[in-house]
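A.B. asks: Here it is, the structure, as structure tokens.
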Amino acid sequence: MTQTTSPGLPTHPYSHHIFLFPFRWDYKTRSKAGGPLKNTLFEQRTYLGDIEKLFATHNLYTEGELPFDPHLYWKRFNFNMNRGRDYNEFTYFNEPVRDVIYDPKIPEGEPYDQILLQYDYQFVKASYAITVANKTDADNPSKTYTLSVTDIVLNFYQSGVGIISFHGDNFDHAGLNDILRINESGRRIYPPFLGDHGSAGEVPTQPPQTNNLATSIALTLDNATLTEDFAFYNTGWQSVNNNPERLPRFIHALLGGRFTTTEADTDQLTEYVLVKPIIDDRMFTLCWYSNPDWVGQLTKNQAPLDTDIPVYAYERDADWLSYVFVDPERGGSLANKRLLTQLNRHHTYDRWVEYGTLFGITRYSFVALTGSDFGAKYVLPHIQTMYFQMVMLVLIQRASLLRFAQEATDLASLSPDSNSRLDRNVEGLYEKYLTFINKMYFRDVTAQEQGIELYDRLAEAIELDKEVDITRRNIDELNKYVALKSESGTKRRLSLLTLLVSTFSIPSFLLTYYGMDFIKQGWDNNDSSVERYLEIHKSVPILVVFFLLILNAVFFWKDFRAIGTYTDSRSGSANRRWRLRVPQLLISLIIIILLVALLWPLLIH
């Protein structure tokens, strides 16, 4: 819906907005309601085949908040080139990148190893209405901005993350103030902060809703309207404690009743998907805005006439900084002109500045400003296709790295003696990480020069390479810890094996020393020579066995002392070392009993 011929409307929208919500997901299942969870390993909780089966076998809408409507449903999306812009997008990206941005839909019966599941929400007409507090007009305390929704896309990735994106056109509001409010309030999915209940009737959401949080966001899909007014956060602190990162209703209802942000009410479900925001309370904002007058001002060269180095007006413009950093107030919250210039230069991509086109890139926004119909004809389709996919790629990578880091932290916090199958969990995490590095992490995604530059800017803005290095070090350290723990277990098993070999060497030594036939015949015949032989030499096996016993005791004492010291440093428990020595003491006692049992016939003969 980039153009319309309806009377009274412009030939193209004033602005186009895409809000992207990255999240982590865990598929969990029970054999029966109320039973224990079965799939606890990372690779089990993030298997895409389970998500595909869930969408195929459950009516997620009758189980959730949306009324049943044959026109409202998630449809598996498979990329096909039906328009010129589809072909342009396909050829824009390198071949390995296409496996991450396009769902291949593997035929039934073939190995399930795909990276992506992609769904497109089906509707006839939809809108995204953002109502905000109007601080500038006392007669109209609120103002509503309505976007015409063109697409709602849902992606799941094998790394255990997902992204849902809302695409909408703005045909009604042309002013910069309006664009700033749409971007800031439209992206908030829960309050960034809360106040307290006041004696004059103030509620916790009143401070944020007076500033940057929407009073309400209403997603209308045909005849169904899903409204989030954030009143949940005014119901009491116990509710907030139980679910502080609650999904807004317009997202939760879309996903369906099998998706939840808390496990408090999942006991009766045999399968469900736990969803958590992976970054913060803001969706990533992708925006194209057409304002010929403003872009004309920003692209003026303000350098002195005697210099050849241009100084463009945007470099010192506070409104441009507000647009780039998604600040709802014109002029932003910055009171340092030198820093203002540094930030504007650093976060602006101005390859086409003299054509009247500017891009701004931060860790949570990608914005474009153009003028005239050129921007709507050429830049807007790029925003909706190629640049949208590039933003998706960097968000996927950042979200995946954060997911891996969180999993590594959770595994490292497990106690060393917990029955948690630590080795298997770490192995599954490492396999997922290697798949990510080999198939989802890209240094470049296109051969187009401007695409290379924009992707580099995006990766730099979110510090992608730094996140990769940090995650790699965390996983490497976790692998070293597991290897050390495994080595300690191996030493313990080898020690036990050595003890068993030494123990069974005692009767072997006795039988070899005396000779089985010699002793048996001597006892049977009551041979006095045997009695004299035993009388003379019975101290020899006793001394040898006693020596072996002392040797084993010293060996095990050193071994378990070392293991106990290492365990103490991990757990902080001073008594754990002694608990590890209990098996050693019991084994020593068994040796003594076995020794007495073996020597008893010789001693009493």
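The values are calculated or read from the model by the stated rules, or taken from the named source; none is laboratory data. What you see is a predicted model, and the numbers here were worked out from it, not measured in a lab. Note: ideal-geometry Cβ built from the backbone for every residue, glycine included; neighbour counts use all protein chains shown. To get the accessible areas, we keep the full protein, side chains included, count just its heavy atoms, and leave off ligands, DNA and RNA. Shrake-Rupley method; radii C 1.70, N 1.55, O 1.52, S 1.80 Å.
A.B. asks: Filter the helices (runs of 4 or more DSSP H) completely within the range 418-520 down to those with at least 2 residues that are of a type in the set (Val, Ile, Thr), modelled with pLDDT under 85 and on the phi < 0 side of the Ramachandran plot.
C.D. replies: 464-514
A.B. asks: Quick check on the range 272-282. Is at least one of its residues buried (at least 17 other Cβ atoms within 10 Å of the Cβ), of a type in the set (Val, Ile, Thr) and out of contact with any Lys or Arg (no Cβ under 9 Å at 6 or more places or on another chain)?
C.D. replies: Scanning the range 272-282 turns up no residue that is buried (at least 17 other Cβ atoms within 10 Å of the Cβ), of a type in the set (Val, Ile, Thr) and out of contact with any Lys or Arg (no Cβ under 9 Å at 6 or more places or on another chain).
A.B. asks: Right, here's the next one. Among the residues of the range 318-340, which ones are among the hydrophobic types (A, V, I, L, M, F, W, C) and modelled with pLDDT under 90?
C.D. replies: 334, 335
A.B. asks: I would also like to ask the following. Could you please let me know if residue 399 is in contact with a Pro (Cβ under 7 Å, 6 or more places away or on another chain) and either outside the structural domain of residue 351 (by the TED database) or at pLDDT 95 or above (or both)?
C.D. replies: Judged against the criteria, residue 399 is a match.
A.B. asks: Go through the range 329-350 and report how many residues are buried (at least 18 other Cβ atoms within 10 Å of the Cβ) and either assigned to a loop (DSSP other than H, G, I, E, B) or not hydroxyl-bearing (Ser, Thr, Tyr) (or both).
C.D. replies: 6
A.B. asks: Output the residues belonging to the range 269-296 that are assigned to a strand (DSSP E or B) and at pLDDT below 90.
C.D. replies: Listed by number, the residues that qualify are 271, 272.
A.B. asks: From 165, 159, which residue is outside any strand (DSSP E or B), open to solvent by less than 20 Å² (accessible area, probe 1.4 Å) and modelled with pLDDT of 85 or more?
C.D. replies: 159
A.B. asks: Could you tell me whether any residue of the range 183-201 is among the polar types (S, T, N, Q) and at pLDDT 90 or above?
C.D. replies: Yes.
A.B. asks: Here is a follow-up. How many residues are in contact (Cβ under 8 Å) with a residue 40 or more places away in the chain and over 15 Å from residue 345 (Cβ atoms) when one looks only at the range 301-322?
C.D. replies: Summing the residues that are in contact (Cβ under 8 Å) with a residue 40 or more places away in the chain and over 15 Å from residue 345 (Cβ atoms) in the range 301-322 gives 2.
A.B. asks: Which residue, of 363, 403, is under 30 Å from residue 470 (Cβ atoms), open to solvent by less than 20 Å² (accessible area, probe 1.4 Å) and not polar (S, T, N, Q)?
C.D. replies: None of the other options fit; the residue is 403.
A.B. asks: Tell me the residue from 307, 266 that is of a type in the set (Val, Ile, Thr), in a loop (DSSP other than H, G, I, E, B) and open to solvent by less than 30 Å² (accessible area, probe 1.4 Å), please.
C.D. replies: Unique residue meeting the criteria: 266.
A.B. asks: Among the residues of the range 116-136, write down those that are without any contact (Cβ under 8 Å) to a residue 40 or more places away in the chain and either under 30 Å from residue 100 (Cβ atoms) or open to solvent by 50 Å² or more (accessible area, probe 1.4 Å) (or both).
C.D. replies: 136
A.B. asks: Tell me the residue from 211, 170, 183, 177 that is open to solvent by 60 Å² or more (accessible area, probe 1.4 Å), within 30 Å of residue 297 (Cβ to Cβ) and in contact with a strand residue (DSSP E or B) (Cβ under 9 Å, 6 or more places away or on another chain), please.
C.D. replies: That would be 211, the only listed residue that is open to solvent by 60 Å² or more (accessible area, probe 1.4 Å), within 30 Å of residue 297 (Cβ to Cβ) and in contact with a strand residue (DSSP E or B) (Cβ under 9 Å, 6 or more places away or on another chain).
A.B. asks: Specify which of the listed residues (243, 234) is surrounded by fewer than 18 Cβ atoms within 10 Å (Cβ to Cβ), of a type outside the set (Gly, Ala, Ser) and within 22 Å of the chain's Cα centre (by Cα).
C.D. replies: Answer to the check: 243.
A.B. asks: Moving on to the next point. Scan (1) over 25 Å from the mean Cα position of the chain (by Cα); (2) assigned by the TED database to the domain that holds residue 391; (3) open to solvent by less than 30 Å² (accessible area, probe 1.4 Å); (4) touching a residue at least 24 places away in the same chain (Cβ under 8 Å) for the single condition residue 298 breaks and write down its number.
C.D. replies: Here residue 298 clears every test but (2).
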